[in-house]
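Single-structure report; data block below.
The values are calculated or read from the model by the stated rules, or taken from the named source; none is laboratory data. Small disclaimer: the values here were computed from a predicted structure and weren't measured. Cβ placement follows ideal geometry from the backbone for every residue including glycine, while neighbour counts extend to all protein chains displayed.
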Amino acid sequence: MDEIRRLYAFNRWANLRFLDALGALSDEELGREMHSSFPNVAATLVHLLGAEWIWLERWLGRSPGTFPDATELTSVQAVRERWDALWADQQAFLGSLGAADVSRPVTYRNMAGIEYTQPLGDLLRHVVNHATYHRGQLTTLLRQLGHAAPATDLVLFYRDVA
């Protein structure tokens with residue numbers, strides 16, 4: 001569990017670095033149509049938040065069929081506030097886990113309603129990996145907008161917290 005908790009600390013560290021960088025963008029830049037998995041920076045950011053929420057819901061025994069309502073997430077600050085609350089919920093969940101829980105099977109339904117059963121540890125690692133993937137997309141989008149992207153390599157996190 002120590003490894004997983006450390007990965008979640010890294011994920012939080014990296015997400016905060018991006019939230020800081022994205023806070024410098026104008027509303028126009030956040031919503032500018034670009035070519036990536038999602039139509040713009042704002043949609044990519046909201047997807048990251050929504051994915052972390054939906055996975056926590058699955059681990060808690062619920063399988064929502066949709067992402068949470070994001071209509072009020074109209075600014076980076078609003079996303080940060082929602083993510084802060086989610087972070088607290090994630091930490092409470094991670095704090096409740098013992099070493100044996102990483103191999104505990106979790107049964108959930110994906111967004112299409114298909115049921116899967118996988119070890120909790122694999123799912124926990126997936127969320128961090130998924131976030132890393134989309135932060136890479138945000139890096140590209142920021143650069144295309146003419147902004148610097150924060151460095152969020154895992155080794156930098158290790159150096160930062162050493």
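Scanning region 55-66 for residues that are without any contact (Cβ under 8 Å) to a residue 24 or more places away in the chain and either closer than 20 Å to residue 12 by Cβ or among the small types (Gly, Ala, Ser) (or both) yields a total of 2.
For region 92-145, the set of residues classified as closer than 30 Å to residue 24 by Cα and free of Cβ contacts under 8 Å to residues at least 40 places away in the same chain consists of 129, 133, 136, 139, 143, listed by residue number.
Once region 74-95 is narrowed to residues that are of a type in the set (Gly, Ala, Ser) and farther than 19 Å from residue 54 by Cβ, the residue that is modelled with the highest pLDDT is 95. I'd like the residue in region 107-121 that is over 20 Å from residue 1 (Cα atoms) and hydrophobic (A, V, I, L, M, F, W, C) and, out of all such residues, is surrounded by the most Cβ atoms within 10 Å (Cβ to Cβ). My answer is 111. Residues that are aliphatic (A, V, I, L, M) and assigned to a strand (DSSP E or B) within region 92-135 comprise just one, 106. Would you say residue 79 is touching a residue at least 40 places away in the same chain (Cβ under 8 Å), assigned to a helix (DSSP H, G or I), surrounded by fewer than 18 Cβ atoms within 10 Å (Cβ to Cβ) and of a type outside the set (Asp, Glu)? No, not satisfied.
Restricting region 19-47 to residues that are part of a helix (DSSP H, G or I), in contact (Cβ under 8 Å) with a residue 60 or more places away in the chain and among the charged types (D, E, K, R), the residue that is farthest from residue 74 (Cα to Cα) is 20. Take the conditions assigned to a loop (DSSP other than H, G, I, E, B), of a type in the set (Lys, Arg) and either closer than 30 Å to residue 101 by Cα or in contact with a Pro (Cβ under 9 Å, 6 or more places away or on another chain) (or both) and apply them to residue 58. Does it pass? So residue 58 does not fit the description; no.
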